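Chemist: Got a structure for you, written out below as structure tokens; questions coming shortly.
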Amino acid sequence: MSQSYKKSGVDIDAGAKAVALMRDAVRATYTPSVLSDVGNFGGLFSLKSIATMSNPVLVASTDGVGTKTKVASMMNRWDTIGADLVNHCINDILVQGATPLFFLDYVASDKLDPQQIADIVTGMATACQASQTALLGGETAEMAGVYQSGEVDVVGTIVGAVDQDHVIDGSTIQEGDTIIALPSTGLHTNGFTLARAVLAEEDWQNQHSELGQSIGEALLATHRCYLQEFLKIREQVDIRGIAHITGGGITDNLPRILPDGLGATIDTSKWKIPAIFQMIENMGDVSSAEMYRVFNMGLGMLIIVSQTDADMVLDLLDDGFIVGEIVQGDGVQIV
């Protein structure tokens, strides 16, 4: 019996079609710094745009969207998880004061569906264009036998830059500093294994009275990007620390930026927990402690400033609000 690459599980033509479908969307993200094109072996990016920095530092981060891809599969909707990934990665470098330069993606599946892959990458391109981040290159892989049938994996790497004198590392955080929150749009890209387990038997398609939308729509809500909010305040106030609330929730992420001997108190009366989290907690009989360690609970990013700067930050932000303060000790107290 004759064999071929396609029969063994890899369709080169499908890969080429996917690239053709996404080409225009990717090119639309190109900034003047991009010196290459779709299909080149490597992406070329000029660093002239950061030449004005006295001591430029590149900041890089890699992440994925986890099992949110399974939600996309259940809803047969692939236009959001690409944007989720870009926004997540941008937020991860914002916490150190960096703004994005370019993004690289990796999308893999057991069998390439050109339109599905194009939808995912077009979502990335839309988020990149909104943040003036070049989608510089990536990889689309068909890996029969590695991924289960119908599975998709989505990973991205972002590179940004910050002047070394303006790196935000939390070292100047002091007791009494104010913690200001920016709300999330939902689960963002974390906690979906638990959420799917709890909600597995529920109707994900029809409108749910508690949510004002379907469970599937609530779970697929796009991970919010906080770039514009960061740009509004970075020149106006001394930002002492920023925490992106991702895997590990508030409990584990906030201490990552706190100096030794300092902890934080978070007051849950300061915001309304979004309904999707309340649903997961109640239906799954999940403890409050675990909820705050798995999910963002409605707080997507925490910004730490001095008490004297807090009012100015609130004036600059459309939807920021105070949720706590820095205290002596360690860890996070949720009260």
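Chemist: It is to be established whether one or more residues within the range 188-203 are within 30 Å of ALA161 (Cβ to Cβ), β-branched (Val, Ile, Thr) and outside any loop (DSSP other than H, G, I, E, B).
Modeler: Narrowing the range 188-203 to residues within 30 Å of ALA161 (Cβ to Cβ): 188-190.
After this cut, where a residue has to be β-branched (Val, Ile, Thr) as well, the list is 189.
In the following step, the residues that additionally are outside any loop (DSSP other than H, G, I, E, B) were identified as none.
There is no residue in the range 188-203 that is within 30 Å of ALA161 (Cβ to Cβ), β-branched (Val, Ile, Thr) and outside any loop (DSSP other than H, G, I, E, B).
Chemist: For the range 286-320, name all the residues that are within 21 Å of the chain's Cα centre (by Cα) and assigned to a strand (DSSP E or B).
Modeler: LEU299, GLY300, MET301, LEU302, ILE303, ILE304, listed by residue number.
Chemist: Here is a follow-up. Any residue in the range 190-212 that's under 23 Å from ASN253 (Cα atoms) and without any contact (Cβ under 8 Å) to a residue 40 or more places away in the chain: show its pairings with residues that are among the hydrophobic types (A, V, I, L, M, F, W, C) and surrounded by 12 or more Cβ atoms within 10 Å (Cβ to Cβ) at Cβ separation under 9 Å, as long as the two are six or more apart or on different chains.
Modeler: none
Residue-by-condition table, conditions (1) assigned to a loop (DSSP other than H, G, I, E, B); (2) free of Cβ contacts under 8 Å to residues at least 60 places away in the same chain:
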site	(1), (2)
HIS88	no, no
ASN91	no, no
GLN116	no, yes
VAL121	no, no
GLN129	no, no
GLU139	no, yes
GLY150	yes, no
VAL159	no, no
GLU175	yes, no
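Chemist: Which one of these does LEU44 not meet: (1) surrounded by fewer than 21 Cβ atoms within 10 Å (Cβ to Cβ); (2) touching a helix residue (DSSP H, G or I) at 6+ places or on another chain (Cβ under 6 Å); (3) closer than 19 Å to GLY160 by Cβ?
Modeler: (2) is the only condition that LEU44 fails.
Chemist: Next question, about the same structure. Looking at the range 52-68 only, could you name the residues that are in contact with a strand residue (DSSP E or B) (Cβ under 6 Å, 6 or more places away or on another chain) and buried (at least 22 other Cβ atoms within 10 Å of the Cβ)?
Modeler: VAL65, the sole residue that qualifies.
Chemist: Somewhere in the range 197-209, is a residue on the phi > 0 side of the Ramachandran plot and either out of contact with any helix residue (DSSP H, G or I) (no Cβ under 6 Å at 6 or more places or on another chain) or not acidic (Asp, Glu) (or both)? Walk me through how you get there before you give the answer.
Modeler: Step one: filter the range 197-209 for residues on the phi > 0 side of the Ramachandran plot, giving none.
Within the range 197-209 (the criterion being on the phi > 0 side of the Ramachandran plot and either out of contact with any helix residue (DSSP H, G or I) (no Cβ under 6 Å at 6 or more places or on another chain) or not acidic (Asp, Glu) (or both)), the answer is no, since none of the residues qualifies.
Chemist: Would the range 228-242 turn up any residue that is free of Cβ contacts under 8 Å to residues at least 60 places away in the same chain and in a helix (DSSP H, G or I)? Break it down into steps so the answer makes sense when it comes.
Modeler: Residues of the range 228-242 that are free of Cβ contacts under 8 Å to residues at least 60 places away in the same chain, as a first pass: 228, 235.
Narrowing further to those that are in a helix (DSSP H, G or I): 228.
Yes, the range 228-242 has at least one match.
Chemist: Return yes when ILE266 is modelled with pLDDT of 95 or more, over 21 Å from the mean Cα position of the chain (by Cα) and buried (at least 20 other Cβ atoms within 10 Å of the Cβ) and no when it is not.
Modeler: Working: modelled with pLDDT of 95 or more: yes; over 21 Å from the mean Cα position of the chain (by Cα): yes; buried (at least 20 other Cβ atoms within 10 Å of the Cβ): yes.
Answer is yes for this residue.
Chemist: Okay, next question. Within the range 214-228, identify whether any single residue is over 23 Å from GLY123 (Cα atoms) and not small (Gly, Ala, Ser), and answer yes or no. It would help to see each step written out before you state the result.
Modeler: Applying the first criterion (over 23 Å from GLY123 (Cα atoms)) to the range 214-228 yields none.
No: the range 214-228 contains no residue that is over 23 Å from GLY123 (Cα atoms) and not small (Gly, Ala, Ser).
Chemist: Now a separate question. If you go through the range 222-239, how many residues are in contact with a Ser or Thr (Cβ under 6 Å, 6 or more places away or on another chain) and surrounded by fewer than 22 Cβ atoms within 10 Å (Cβ to Cβ)?
Modeler: Result for the range 222-239: 3.
Chemist: Given (1) surrounded by fewer than 22 Cβ atoms within 10 Å (Cβ to Cβ); (2) touching a Phe, Trp or Tyr at 6+ places or on another chain (Cβ under 8 Å); (3) more than 30 Å from ASN206 (Cα to Cα), where does GLY15 come up short, assuming only one miss?
Modeler: Failed condition: (2).
The values are calculated or read from the model by the stated rules, or taken from the named source; none is laboratory data. Not measured: the values here are computed from a predicted model. Neighbour counts run over all protein chains shown; Cβ positions are idealised from the backbone, glycine included.
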